[in-house]
Amino acid sequence: MEAKHILIGHGSGGRLSRDLIRNLFVKYFSNPFLDGLGDASLVSIRGSKLAFTTDSYVIDPIFFPGGNIGQLAVSGTVNDLSVAGAIPEYLTAGFIIEEGLSINDLERIVQSMAEEANRAGVSIVAGDTKVVKKGQCDKLFINTSGIGHIPEERRHIQSGERIETGDKILLTGTLGDHAIAILSARENLEPDEAILSDAAPLNLVTELALQTPADIAAMHDITRGGLATILCETCENRSFGIKLYEDKIPVKQSVKSICELYGFDPLYLANEGKIMMIVKKGTEDHLCSRLREEPLSKDAVIIGEVTGDYPGRVVMQSFIGGMRNIDMLSGEMLPRIC
């Protein structure tokens, strides 16, 4: 049954989010730049080819193990540009601040944004500030927009038009780190091994991968909805499917333990510092070796392949050899994680 009111699950990045975007926003805003629903829109201004994106951050809590809302806002927008094949250059930052927020906390967040922008090699060139009465906002919400240059030889990455049977699925690191770091902060969990958010700007990683653009068929950062949702969207209504191998998918033991406790599946959990790449057959070993030289992708590994056996579907071969259908996220596992 179609929902008559907005549910928390509409913000999950999964099926409800997809349906809301397609059935409402695209219905009225439709245009050739928007309709592809990529991580960024590819536009041209007087002959210059640009990638443009925007995102809003409402995470709770605003400080968490490994980062804060400001660091997340910068890295998240840099990453949306980077996985579209663009070279990020400029960001904007808009702040909605609840009355009563500590100036010291706000300064810590703004300082971390400046540090993260410097780390990514981008400039924050415009912004806006609004203050609302106590109770009308939860401490602080941030919107960031970003723009970057996209070389012609990389424009295929956003559409995935060059994905073919036999291509390999590459993951740059462990799943679920960010979501479980947020859960640990909310629930005051004290795992044996500290779990930190992996939030980081990944343009250094994408530039390493894109030294030979033809080797990469598609890229997506793994955020809301997790790896499973991204892969389902990638092969939806396509002539190919995707096969994963459960024993190849990296998850930290501390993250596995908390997932087992709460009944979460790491395939559906958000990261903010990992990328899924679809790479051309025969390039995977070289790409993994190259990416492992960068600390942010030191655990790069091949976890599956594009196949003609399951068109439009994602399946996973389990540890014991059985096959499991993987669907996109339905509902909400863990709200307000970004």
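A compact table of results
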read-out: From V78, V125, residue being in contact (Cβ under 8 Å) with a residue 12 or more places away in the chain and part of a helix (DSSP H, G or I); value: V78
read-out: Hits in segment 212-242 (condition: of a type in the set (D, E, K, R) and either without any contact (Cβ under 8 Å) to a residue 40 or more places away in the chain or surrounded by fewer than 21 Cβ atoms within 10 Å (Cβ to Cβ) (or both)); value: D215, E233, E236, R238
read-out: Neighbours by Cβ (under 8 Å, 6+ apart or cross-chain): first from segment 40-55, closer than 15 Å to S145 by Cβ; second crowded, with 17+ Cβ neighbours inside 10 Å and among the acidic types (D, E); value: A40/D80; T53/D39; T53/D80; D55/D80
read-out: Criterion (β-branched (V, I, T), out of contact with any helix residue (DSSP H, G or I) (no Cβ under 9 Å at 6 or more places or on another chain) and under 27 Å from S184 (Cβ atoms)) met by exactly one of I222, I230, I275; value: I230
read-out: Condition met for K27 (surrounded by 14 or more Cβ atoms within 10 Å (Cβ to Cβ) and not hydroxyl-bearing (S, T, Y)); value: no
read-out: Residue in segment 291-299 that is touching a residue at least 40 places away in the same chain (Cβ under 8 Å), within 16 Å of L227 (Cβ to Cβ) and surrounded by fewer than 17 Cβ atoms within 10 Å (Cβ to Cβ) present; value: yes
read-out: Residue that is nearest to T206 (Cα to Cα) [pool: residues in segment 139-161 that are of a type in the set (A, V, I, L, M) and not in a loop (DSSP other than H, G, I, E, B)]; value: I157
read-out: Every residue from segment 98-122 that is over 15 Å from V78 (Cα atoms), not basic (K, R) and not in a loop (DSSP other than H, G, I, E, B); value: E98, I103, N104, D105, L106, E107, I109, V110, Q111
read-out: Selection status of E116, at pLDDT 95 or above and either hydrophobic (A, V, I, L, M, F, W, C) or surrounded by fewer than 17 Cβ atoms within 10 Å (Cβ to Cβ) (or both); value: no
read-out: Scan of segment 126-135 for residues that are surrounded by 12 or more Cβ atoms within 10 Å (Cβ to Cβ) and more than 16 Å from D55 (Cα to Cα), ordered by number; value: V131, V132
read-out: Residue identified as more than 23 Å from A86 (Cβ to Cβ), assigned to a loop (DSSP other than H, G, I, E, B), of a type outside the set (F, W, Y) and at pLDDT below 95 among E164, E190; value: E190
read-out: Single residue of segment 193-211 satisfying the filter (over 20 Å from T223 (Cα atoms) and among the hydrophobic types (A, V, I, L, M, F, W, C)) that is surrounded by the most Cβ atoms within 10 Å (Cβ to Cβ); value: L210
read-out: Matching option when the condition is among the charged types (D, E, K, R) and more than 22 Å from G121 (Cα to Cα), among D215, D198, D221; value: D215
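The values are calculated or read from the model by the stated rules, or taken from the named source; none is laboratory data. These numbers were taken from a predicted model, which means no experiment stands behind them. Cβ sites come from the backbone with ideal geometry, for glycine too, and all protein chains shown count toward neighbours.
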